[in-house]
Ligand SMILES: [Mg+2]
């Protein structure tokens, strides 16, 4: 069964105290629809949130399925957070790379993302603390809308 350990409206709603409570020392961040919208704009408040997280000694790494190195390297520079791209979630490949970068035990890592069947699924299989957030932007394509409906249906059965 695919199940998030926690759910939030948006990533900036996650408090340091909550992360400390769950012994989180590192976070793997999804990019699209978690940190940025479909036009590549940052979620409001994300820069400050990332600063706060870093100040409290929680390490960060982006793991994105995006294949555009140009796009992701620019964003990662702005946030000053390392990244893994082409991570092929729900495959374990990119997440393993991100864990290596963080250099933290899996049980002390949270993975935050907006998709149940990619972000949460791989998190569950890697024994990470999975946090599901709502996508920033409304889906533009019918196929994505359908995917969301299936996710919601799946979650409501549990
Ligand atoms: Mg995403």
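Return a yes/no flag: does segment 97-110 have any residue that is assigned to a loop (DSSP other than H, G, I, E, B), within 16 Å of the ligand (Cβ to nearest atom) and buried (at least 16 other Cβ atoms within 10 Å of the Cβ). No, segment 97-110 contains no residue that is assigned to a loop (DSSP other than H, G, I, E, B), within 16 Å of the ligand (Cβ to nearest atom) and buried (at least 16 other Cβ atoms within 10 Å of the Cβ). The set of residues in segment 78-95 that are more than 16 Å from the ligand (Cβ to nearest atom) and under 29 Å from residue 145 (Cα atoms) comprises 92, 93. In segment 80-107, the residues that are on the phi < 0 side of the Ramachandran plot and without any contact (Cβ under 8 Å) to a residue 24 or more places away in the chain form Cβ pairs under 8 Å with partners that are surrounded by fewer than 14 Cβ atoms within 10 Å (Cβ to Cβ) and part of a loop (DSSP other than H, G, I, E, B), at six or more places apart or across chains, as follows: 85/67; 85/68; 106/127. Tallying residues that are within 16 Å of the ligand (Cβ to nearest atom) and in contact with a helix residue (DSSP H, G or I) (Cβ under 7 Å, 6 or more places away or on another chain) within segment 41-59 yields 2. Criterion applied to 51, 138 was being on the phi < 0 side of the Ramachandran plot, without any contact (Cβ under 8 Å) to a residue 40 or more places away in the chain and assigned to a helix (DSSP H, G or I), and the one residue passing it is 51.
We did not get these values from a lab; they are worked out from the coordinates using the rules stated. Everything numeric here is computed off the predicted structure, so don't read it as measured data. Please note: Cβ atoms are built from the backbone with ideal geometry, for glycine as well, and neighbour counts cover all protein chains shown.
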